[in-house]
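Note sheet for the following structure.
The values are calculated or read from the model by the stated rules, or taken from the named source; none is laboratory data. Quick caveat: nothing in here was measured; it's all calculated off a predicted structure. Don't worry about glycine lacking a Cβ; one is built from the backbone with ideal geometry, like all the others, and counts go over all protein chains shown.
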Amino acid sequence: MNNDKHLSHPDYKKIYVRLLILLAISIWGPIFALQLDNRFLLVSAVLLTAFGIGAIKAGMVAAWFMHLDIELRMIKRLLVICIFFLILLFAGVAPDVLLPEGQNREMDPDYEYPKIDNPSTPEQ
Amino acid sequence: MSDTFQPPIATSRTTAGLPTSRLGTWWVVASEIVIFGGLIVAFIMYRMRHGEVWAEQAEHTKLYAGALNTFVLLTSSYFAVCAHKAAEAGDGKKAAKLLVRTILLGGVFLCVKAYEYTSEILAGYGPLADLFWSFYYTATGLHGFHVLVGMIILGFVAKDAAKGKNLHRVECIGIYWHFVDIVWIFLFPLFYIASGL
Amino acid sequence: MTEATIDPTSPKAPTIGSRIRICLFSTDHKVIAFQYLITGLLMAIIGGYMAYVFRMQLAFPGEDVPGFGWVSPGHYNALVTNHGTIMIFWVAMPVLVAAAGNFLIPLMIGCDDMVFPRLNRLSFQIFFLSALVLIASLHVSGGGFGGAWTAYPPLSSDPDFNLTPLGASLWLIAVALEFVAFLIGGINFVTTTMNARAPGMSLMRIPIVVWMIVIASILFMVSVGPLIAGAVMLLSDQLAGTAFYDPHNGGDPLLWQHLFWFFGHPEVYVVLLPAMGIVADIIPVFARKKFFGYKAALYVTIATGVLSFFVWAHHQFVAGIDPRMAHLFTATTLLISIPIAELCFLYIATLFGGSIEFRTPMLWAIAFLVEFLLGGVTGIYLGASATDINFHDTYFVVAHFHYTFFPIAIIGLFAGIYHWFPKAVGRHLNETWGKIHFWGTIVSFNFVFIPMFFLGLGGQHRRIFDYRHFPDLAGEGFQDMRVIATIATCVLIAFQIPFVINFFHSIWKGKKAEQNPWKATTLEWSAASPPPHGNWKTLPTVYRGPYEYGSPDSEEDYLPQHIEPNT
Amino acid sequence: MIEQFIERASSYAGDIDFLFDLITYMVGFWFIVAEGALFYFLFRFRRQPGQPTTYVDGTDKKHKRWINVPHFLIIACDVVLIIGAGNVWYKIKQDLPTQDATIGIVSQQWAWTFVHPGNDGELHTDDDIRLVDELHLEVGKTYHYELTSKDTLHSFSVPVFRLKQDAVPGRRIKGWFKPEKEGVYDIQCAEMCGIGHGVMGATLIIHSSKEFDEWLAQAGTPGKNAKVLAAANEKNPRPKD
């Protein structure tokens, strides 16, 4: 059982530099993307650069810094199961919390948000 | 008591194929995933429900402060993993030195956070200004608390590592620290980048 | 691996100082299990007292309750709220998951302690603190929290609505601390079972109770996370005035309900599984039968655990969720009856062809099956969305979940205590007193909750301090049922006194127990009674599965796990 | 079976009672089978001298059949119940038939306000009749309701209708009922709503169409419905607090 000693370490400096490049893309990507005219392109570009690259960065940190790439399959499954149940939570709750309206159900106008008399920009 | 404490034989067994300390750390990470995950799931649902109202609020977060913090955490993670490499090579002194750098960068992270909080609150965006800001302070505050706890544990591990003791703990605290880093990698686009939508 | 022998700690005469140190700082898993057990039983006394007070109020409304006094509506709400909270989080959880897990896991998988003994101690200390905070929450100004154990906002989040600003926050802090304690404890259980098993203890040789406690810990760990986040949000709503659940400012009360039940439903199985495991381990011993379908039991347990995450919204059918979602959750809820029914069938099948001896642990284990079946089948009415419209928040629900929780938390607990007491203490409990305790408890229990089914059919809703305000419910017939339930509650509580006396008497004066009094096969019976710190002088090795009763390979009718095969 | 404990007063109460009976027969069967087998085994295989135990581990196909067959039968029962429950649920909560009038129900700590649309049949107009803790309905008419809450969660529960629906602040929830039996019944709040939860009841009065017209004529002017209330109280007196 030699799993607790890693035989070789990847070149961490190279991974680190790549992470920084991705970081730069994820910062400035959305800023450029916001100039786009097409709403659909804009949204997908922002989501892709912000969250897509975020996911890649997270994956790189998990794989090489946390050594998930050579970790037991059991551990990977454990983490995937946790994320699966979060997605399940989202799927089950979204019809009620994400969508304000539903079948035989609508918003009560007495509970408007944001309140009209309370502008969202606070006074200085 | 603790100096006479002898770990039981159970702790040194590895039936599952990996050291107990690392296995335990993974379970901690798994339970943290669902805690942060619950908060993030709630945030995403509200964010999509109040799209335009919240987009306007999100414009006021400090993108470059957040970006700087991402950079700081990535760098600290880099040092943490280098410390792990050094610890595995048996070089406790070098590992401790690298861990101290990680702690210092954690401190920088918290300082930037403090600057952000102060300027946001002074600009009128306190935790009660809007539900968006309640989420912002809760999520980043919970994350900041984890950074703080991580720094304290890192301190103990570094102290031991400098004496060449408990070197296996360098990897465990590293896993935790990288996890905190990953949480930030997701909080950063959620609160700072995707503000225009 | 160097684990040939353990150096037993040098025997010294215990002084008062060392005894206190053991109480406060011991890392021995058996001591911690005992601490959990005693704390849980003490909390059960508090919870039982609360039940007594509000049952008396319901049977004789408006009159002073002996031992409490006049019950105001605020008192009543606080009593039912904290009765529920205590019985689930401070009785069922510590005794079934923590005490049973701490005591059984290291002994049953053959190691000397938990893998993180100091974390284990920390877990108990946080748990104990949470119990103190909860008790404190009952005595602050404004009174204890009275917003039901589900703590639905906005009632729970806004002091203007619940009128108990301090009580509500302390209650929530106590619950959150309790979660943290069991998260730490659960991680310890899972890691221990995964990594510290004795040589030869392969996955399919682990006793079912250990499997079930571990699965329960995993269920707890995965489901509680979102609720911890939700509790942070609720606490900040209460204390700072944020609007996470405030519909005036963009929040949504339904979010808490979902987070709560996403945890709350798996939580049912978190406490159910250890109790089922205890019963699964007792039945083979006294029926002298190998467990029928070990692998099948394991797989259906896992299936139950996974399915339990898909059913949570059946608690919210009429709570304002989208009605289309109800069909989905009805389907999953009714489907979960399949693995649970199969589990019960396996237990019954284990009895077939056995040689059943009715000692007290076996009586409790059988009573668990008999009573739990009724609790299980009445759940179908509530899982089916349409009948739930009628039964939601009525006494039918109360009767149903007491028919599940009472077998789980009380009957399962007593089954475990009567079974493992000789191992833990080294002395036997008195059989006669045990049987008196058993029959008194079981018979009166049915008289408490059967009337509640009928009250529920009559439309009696929950958490009402005085039904004279509802003309349809104030009639003589219904009131008689309430009185029957109340008298039975008092009898039920009175019949616990023989147990308390028996318990403490037997600790010091009971008949000495030999190493393996029940002739059982699992590993814990190969240690001395009581096991010393470190459990074994030489840690055992395992050669076979856990339930080899009536094995053809043995001259006696059982073959313990640690005995080397002859060939 | 429920109707022996409480009356049926709505068009769909019978559906729920039927579903209840159906479930009772199904689970009753399984309950009796399981308990019967359990007690039979306990008696048959009690410890007797000279009767050894058997070694059965449950992996044999012949033995597994005893678990598998009930297993599939239960799945069949479940499917029947899922379809049955889904149908009744659809009828009560999803599919709203055309209404004769819409009732507004406002819940708050700790009272119910029922807004009857008045003569014009339209809600939110000047001739709305607002009554606290008192709901007047005409037998045989189909009503929609719009349920809102002013503060915390409440639950509009009418046992004789077999109807229950939580009121959620921030939401306006719609549903329907059709009273089919005259009488005076309870309305409950079935969701914990604070210290006054135990007294948050209301009276449901279902009139014949003649009585209802009389009530409507009187209630149009404030203070005139005292007579109807007095009659209702006489029929079903409330206890003195």
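Values as computed for the structure displayed
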| quantity | calculated |
| --- | --- |
| Test: residue in the stretch B:73-83 that is surrounded by fewer than 21 Cβ atoms within 10 Å (Cβ to Cβ), more than 7 Å from chain C (Cβ to nearest Cβ) and more than 25 Å from C:G534 (Cα to Cα) | yes |
| Total residues in the stretch C:146-178, condition surrounded by fewer than 21 Cβ atoms within 10 Å (Cβ to Cβ) and assigned to a helix (DSSP H, G or I) | 9 |
| Single match in B:V72, B:V41 (criterion: touching a residue at least 40 places away in the same chain (Cβ under 8 Å) and of a type in the set (A, V, I, L, M)) | B:V72 |
| Subset of the stretch B:96-113 (residues that are in contact with a Leu (Cβ under 8 Å, 6 or more places away or on another chain), touching a residue at least 40 places away in the same chain (Cβ under 8 Å) and within 19 Å of B:A161 (Cβ to Cβ)) | B:L99, B:T102, B:I103, B:G106 |
| Which numbered condition C:W364 fails, given (1) aromatic (F, W, Y); (2) under 30 Å from D:K91 (Cβ atoms); (3) crowded, with 21+ Cβ neighbours inside 10 Å | (2) |
| Criterion (more than 21 Å from the chain's Cα centre (by Cα) and closer than 30 Å to D:H154 by Cβ) met by exactly one of C:F145, C:F116 | C:F145 |
| Exclusive hit being within 9 Å of chain C (Cβ to nearest Cβ), surrounded by fewer than 20 Cβ atoms within 10 Å (Cβ to Cβ) and either under 22 Å from D:Q188 (Cβ atoms) or of a type in the set (K, R) (or both), set D:D151, D:D166, D:D133 | D:D151 |
| Checking B:P7 against (1) under 20 Å from C:R121 (Cα atoms); (2) crowded, with 19+ Cβ neighbours inside 10 Å, the condition it does not meet | (2) |
| First in the stretch B:114-127 and among the hydroxyl-bearing types (S, T, Y), second anywhere and assigned to a loop (DSSP other than H, G, I, E, B), Cβ under 8 Å, 6 or more apart | B:S119/B:K62; B:Y125/A:P122; B:Y125/B:H60 |
| Output for the stretch C:56-83, where each listed residue is farther than 20 Å from C:R468 by Cα and either surrounded by fewer than 19 Cβ atoms within 10 Å (Cβ to Cβ) or free of Cβ contacts under 8 Å to residues at least 12 places away in the same chain (or both) | C:P66, C:G67, C:F68 |
| Count - residues of the stretch C:236-272 that are outside any helix (DSSP H, G or I) and among the aromatic types (F, W, Y) | 2 |
| Matching entry among B:F179, B:F156 (being more than 19 Å from B:N69 (Cα to Cα) and in contact with a helix residue (DSSP H, G or I) (Cβ under 9 Å, 6 or more places away or on another chain)) | B:F156 |
| Pair list, Cβ < 6 Å and 6+ apart or interchain, from the stretch C:227-243 residues that are basic (K, R) to residues that are at pLDDT 95 or above and assigned to a helix (DSSP H, G or I) | none |
| Scope the stretch C:305-314; condition outside any loop (DSSP other than H, G, I, E, B) and either buried (at least 22 other Cβ atoms within 10 Å of the Cβ) or hydrophobic (A, V, I, L, M, F, W, C) (or both); matching residues | C:V306, C:L307, C:W312, C:A313, C:H314 |
| Candidate set: the stretch A:67-119, residues that are β-branched (V, I, T) and under 20 Å from the mean Cα position of the chain (by Cα); chosen: the one farthest from the other protein chains (Cβ to nearest Cβ) | A:V80 |
| Check on B:G92, more than 9 Å from chain A (Cβ to nearest Cβ) and modelled with pLDDT of 95 or more | no |
| Elements of type strands (runs of 3 or more DSSP E) contained in the stretch D:62-167, each with 2 or more residues being among the charged types (D, E, K, R) and outside the structural domain of D:G28 (by TED's automatic domain parsing) | D:134-138, D:163-167 |
| Residue list for the stretch A:31-70, filter: surrounded by 13 or more Cβ atoms within 10 Å (Cβ to Cβ), closer than 28 Å to B:G17 by Cβ and out of contact with any helix residue (DSSP H, G or I) (no Cβ under 7 Å at 6 or more places or on another chain) | A:G59, A:H67 |
| Pairs, first within 7 Å of chain C (Cβ to nearest Cβ) and under 20 Å from C:A319 (Cβ atoms) in the stretch D:184-207, second outside any strand (DSSP E or B) and among the hydrophobic types (A, V, I, L, M, F, W, C), C-beta under 6 Å, six or more apart | D:E191/D:L153; D:M192/C:A148; D:G194/C:L155; D:G194/C:F161 |
| Positions within the stretch C:14-71 being hydroxyl-bearing (S, T, Y) and at pLDDT 90 or above, in sequence order | C:Y36, C:T39, C:Y49, C:Y52 |
| Matching residues in the stretch C:278-333 - criterion: being within 10 Å of chain D (Cβ to nearest Cβ) and of a type in the set (V, I, T) | C:V300, C:V318, C:I321, C:T330, C:T332, C:T333 |
| Number of the exception - C:I126 against (1) within 30 Å of C:R197 (Cβ to Cβ); (2) over 20 Å from the mean Cα position of the chain (by Cα) | (2) |
| Search result, residues across the stretch C:501-536 that are within 14 Å of chain B (Cβ to nearest Cβ), over 13 Å from C:K423 (Cβ atoms) and touching a Pro at 6+ places or on another chain (Cβ under 7 Å) | C:G534 |
| Breaking point among (1) under 20 Å from the mean Cα position of the chain (by Cα); (2) at the interface with chain C (Cβ under 7 Å from one of its Cβ atoms); (3) closer than 18 Å to C:M194 by Cβ, for B:V34 | (3) |
| Criterion violated by C:N516 - all others in (1) modelled with pLDDT under 95; (2) more than 18 Å from C:R359 (Cα to Cα) satisfied | (2) |
| Conditions (1) surrounded by 14 or more Cβ atoms within 10 Å (Cβ to Cβ); (2) among the hydrophobic types (A, V, I, L, M, F, W, C); (3) closer than 24 Å to B:W184 by Cα: number failed by A:I87 | (1) |
| Filter result (under 30 Å from B:A86 (Cα atoms), surrounded by 17 or more Cβ atoms within 10 Å (Cβ to Cβ) and more than 8 Å from every other protein chain (Cβ to nearest Cβ)) within the stretch A:16-30 | A:L22 |
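Condition check ((1) more than 7 Å from chain C (Cβ to nearest Cβ); (2) touching a Cys at 6+ places or on another chain (Cβ under 8 Å); (3) surrounded by 12 or more Cβ atoms within 10 Å (Cβ to Cβ); (4) without any contact (Cβ under 8 Å) to a residue 12 or more places away in the chain) across all residues:
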{"residue": "D:F41", "(1), (2), (3), (4)": "no, no, yes, yes"}
{"residue": "D:D57", "(1), (2), (3), (4)": "no, no, yes, yes"}
{"residue": "D:K61", "(1), (2), (3), (4)": "yes, no, no, yes"}
{"residue": "D:R65", "(1), (2), (3), (4)": "yes, no, no, yes"}
{"residue": "D:N68", "(1), (2), (3), (4)": "yes, no, yes, yes"}
{"residue": "D:D78", "(1), (2), (3), (4)": "no, no, yes, yes"}
{"residue": "D:G84", "(1), (2), (3), (4)": "yes, no, yes, no"}
